[in-house]
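Undergrad: I have a structure here, written as C-alpha cells, and I will follow up with some questions on it.
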Amino acid sequence: MLKVFVDQHLQSVFEEITIQFRKKVFFGFDGTDGIPQEAWDMVVLSDRFFDGSLELEKTKVSFPFAQIFFLPISKASPSIHDSKVFIYENHHTLVNNCVSLIQWISQSMEYRQFYQQAHFSDHPFFHGPSMHAFLHSLKHREWSPYPVLLVSEPGIDRFIYAQYLIPDCVIKPLRMGLIPRNQLHLTLFGDSFSPGVFSKPLQGLFLDDMHVLNREDLSLLYTLLTNRNKPIGAYQISGHYPVLLGAEKATNDDESDLRFLSGMVDVIDIPSIRQRKEDIPYILNKLVNDLSQKLNKHISLPEESLWQMVKEFPWSGNEQELLDFAHKIIMNGPIEAIQQLIDQMEGVQYANQIPKLNPFLCQLRENVERILVEKAMITTDKNRKKAASILGISYKSLCKKIKEVE
C-alpha cells in the first residue's frame, strides 16, 4: 500500500483525496514536533512545516525512502532541479498533481506486487499441494502482537519465506551466525562513531540464525522488539518497520537457549521436504526442467519408479540436498544420481529417516539393498523384526537378504 505523509496543516485540503484513495493509500498526518520514522513513499509539506528556510538535503534524509516530495514555492525556489521534488503554488495545483501521481504510483506498486507474487509462484520449492496449503495458512493467519519467528530444519532458505510474508517491503537479511560474538552489539546497535543496523533507515529486517545467540542476547532483543522506540538500558530500536526472526529447529539433543522464547513469539514452522512427500515430484520436475534449460541439456525422467523413490527418501539436507540431486540427474543421469544418493545413507541417524525398501528394488543396483539393510540393522541393534518393519518388507524377506549379503 502506498504510504503518504502529509503535513497536518494540509489535512483539510486532503479530505477528499483520503476518501477517494482510502483502500489504496495510507495517509499519515503528524505535527511539526518531529518527522516520523516510517519509510514514506510520498511526502507533502506546507510552508508552516519549516521553522526557517528549507534545507532540501536534510529534508530528503529525514524521509529516506520517499520518492516524491511536494514543497511549497514559498519555501522552495523554482530553480530547484531535483527529480524527486515537485513545487506547487497553491492548493488547487497541489491536489491535482497529487491525485495524478498517486494514481500512477499506486498502479506501479500493484504491478510490482504482481511481479513479486509471480516470482514466488515460480520458485521451485513453492510448488506442490502441501506447500500451497501452507502458504494459504500464512495468508490467513491471525494477527499477533508478538515478534514473528520462522523456524525450519537446516538446509531451508528461510529468507524467501520472510519476503513472502512482507512482499511490499525491501527486506534486509542479517545472519547472526556470521557476526563474531564480540561484535554483535556493535553491529546491531552501533556506537558514537558508527550506526548499527537498527539505527539505519530500513523498510524491513530479517534476523536469521537466532539459534546461535545465548539467552541473554535473545532476551535483550525480545525486550527491545516488544518495546519499540523505548530505551532499554543503553539500547533502543526505533521506527515501525517490520522485523522478522529466523532460526534452525532444535534437535532432540540440542539444549538451545531459543527454547525459552516459545510462547513469547509467533512461531511459524516451515515444513521440511520430508514432510512434503506429495510435493517432491512437482519440485524435482521444476528443478530439472529449469536446470536443463539453463545448461542446454535435455533429460528425460523415469516415471513412477523415480517419483516413488524420491518421495520415500529422507532428504535430511532438505532443499539444498534436493537441488544437488537435480544437478546430478542432469550431469550423470537418473540412475547414477539415485545410486550416489543412496551412498550417502551414512548420514542417517534415526530409524524414521530410513526409506522403505520396496520402491528401490526395480530401479537400483544390488549394493543399494545391502546399504539399506545394514543401516536398518545397525539402527535397530540387529533386531530383525524391527528392521523389516522399517524397510517395509517381511521378516522372511529380510532374513533371505541378510543371508545373500553374508
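Undergrad: So LEU220 passes all but one of these: (1) over 19 Å from LEU165 (Cβ atoms); (2) in contact (Cβ under 8 Å) with a residue 24 or more places away in the chain. Which condition number does it fail?
TA: Going through (1) over 19 Å from LEU165 (Cβ atoms); (2) in contact (Cβ under 8 Å) with a residue 24 or more places away in the chain one by one, LEU220 breaks only (2).
Undergrad: Filter the range 198-218 for residues that are within 23 Å of the chain's Cα centre (by Cα) and part of a helix (DSSP H, G or I); which is nearest to LEU258 (Cα to Cα)?
TA: Among those that are within 23 Å of the chain's Cα centre (by Cα) and part of a helix (DSSP H, G or I), it is HIS211.
Undergrad: Can you name the residue in the range 44-54 that is crowded, with 17+ Cβ neighbours inside 10 Å and touching a residue at least 40 places away in the same chain (Cβ under 8 Å) and, of all such residues, is nearest to VAL95 (Cα to Cα)?
TA: Ranking the qualifying residues of the range 44-54, first place goes to VAL44.
Undergrad: While we're here: Would you be able to say whether some residue in the range 334-345 is modelled with pLDDT of 80 or more and more than 25 Å from the chain's Cα centre (by Cα)?
TA: Looking only at the range 334-345, we keep the residues that are modelled with pLDDT of 80 or more, and these are none.
No: the range 334-345 contains no residue that is modelled with pLDDT of 80 or more and more than 25 Å from the chain's Cα centre (by Cα).
Undergrad: May I ask you to list pairs of residues, at least six apart or on different chains, whose Cβ atoms are under 8 Å apart, with the first in the range 67-87 being on the phi > 0 side of the Ramachandran plot and in a strand (DSSP E or B) and the second being at pLDDT below 85 and surrounded by 14 or more Cβ atoms within 10 Å (Cβ to Cβ)?
TA: Between residues of the range 67-87 that are on the phi > 0 side of the Ramachandran plot and in a strand (DSSP E or B) and residues that are at pLDDT below 85 and surrounded by 14 or more Cβ atoms within 10 Å (Cβ to Cβ), there is no close pair.
Undergrad: Quick one: would you say SER121 is assigned to a helix (DSSP H, G or I), farther than 15 Å from MET210 by Cα and modelled with pLDDT of 75 or more?
TA: Numbers: assigned to a helix (DSSP H, G or I): yes; farther than 15 Å from MET210 by Cα: yes; modelled with pLDDT of 75 or more: no.
Judged against the criteria, SER121 is not a match.
Undergrad: Conditions: (1) touching a residue at least 40 places away in the same chain (Cβ under 8 Å); (2) under 21 Å from PHE14 (Cβ atoms). PRO64 meets all but one. Number of the miss?
TA: The single condition PRO64 does not satisfy is (2).
Undergrad: Now for a separate question. For the structure I just gave you, tell me whether GLY392 is at pLDDT 70 or above and not aromatic (Phe, Trp, Tyr).
TA: yes
Undergrad: Oh, and also: Can you spot a residue in the range 249-260 that is surrounded by 18 or more Cβ atoms within 10 Å (Cβ to Cβ) and within 21 Å of the chain's Cα centre (by Cα)?
TA: Within the range 249-260 (the criterion being surrounded by 18 or more Cβ atoms within 10 Å (Cβ to Cβ) and within 21 Å of the chain's Cα centre (by Cα)), the answer is yes, since at least one residue qualifies.
Undergrad: Right, another one. For LYS328, are the conditions met, namely being surrounded by fewer than 19 Cβ atoms within 10 Å (Cβ to Cβ), at pLDDT 75 or above, part of a helix (DSSP H, G or I) and out of contact with any Leu (no Cβ under 9 Å at 6 or more places or on another chain)?
TA: The answer is no for LYS328.
Undergrad: Out of the residues in the range 55-66 that are over 30 Å from the mean Cα position of the chain (by Cα) and in a helix (DSSP H, G or I), which is surrounded by the most Cβ atoms within 10 Å (Cβ to Cβ)?
TA: Restricting to residues being over 30 Å from the mean Cα position of the chain (by Cα) and in a helix (DSSP H, G or I), the top hit is THR59.
Undergrad: Quick check on the range 220-237: of everything there that is touching a helix residue (DSSP H, G or I) at 6+ places or on another chain (Cβ under 8 Å) and hydroxyl-bearing (Ser, Thr, Tyr), which residue is surrounded by the most Cβ atoms within 10 Å (Cβ to Cβ)?
TA: TYR222
Undergrad: With respect to the numbered conditions (1) under 24 Å from ASP157 (Cα atoms); (2) modelled with pLDDT of 75 or more; (3) outside the structural domain of LEU220 (by TED's automatic domain parsing), which one is the sole condition not fulfilled by LYS297?
TA: Of (1) under 24 Å from ASP157 (Cα atoms); (2) modelled with pLDDT of 75 or more; (3) outside the structural domain of LEU220 (by TED's automatic domain parsing), only one is false for LYS297: (1).
Undergrad: Could you check how many residues of the range 352-388 are at pLDDT below 55, surrounded by fewer than 19 Cβ atoms within 10 Å (Cβ to Cβ) and assigned to a loop (DSSP other than H, G, I, E, B)?
TA: Residues in the range 352-388 being at pLDDT below 55, surrounded by fewer than 19 Cβ atoms within 10 Å (Cβ to Cβ) and assigned to a loop (DSSP other than H, G, I, E, B): 4 in total.
Undergrad: Oh, and also: Evaluate the range 279-286: report whether one residue or more is closer than 19 Å to ARG158 by Cα, at pLDDT below 80 and not aliphatic (A, V, I, L, M).
TA: Of the residues in the range 279-286, the ones closer than 19 Å to ARG158 by Cα are 279-280, 283.
Restricting the remaining residues to those that are at pLDDT below 80 gives none.
Checking the range 279-286: not a single residue is closer than 19 Å to ARG158 by Cα, at pLDDT below 80 and not aliphatic (A, V, I, L, M).
Undergrad: Which one of the conditions (1) surrounded by fewer than 21 Cβ atoms within 10 Å (Cβ to Cβ); (2) within 18 Å of the chain's Cα centre (by Cα); (3) at negative phi does SER194 fail to meet, given that it meets all the rest?
TA: Single failed check for SER194: (2).
The values are calculated or read from the model by the stated rules, or taken from the named source; none is laboratory data. Because the structure is a prediction, the values reported are computed rather than measured. Note that we place each Cβ from the backbone using ideal geometry, even for glycine, and neighbour counts take in every protein chain shown.
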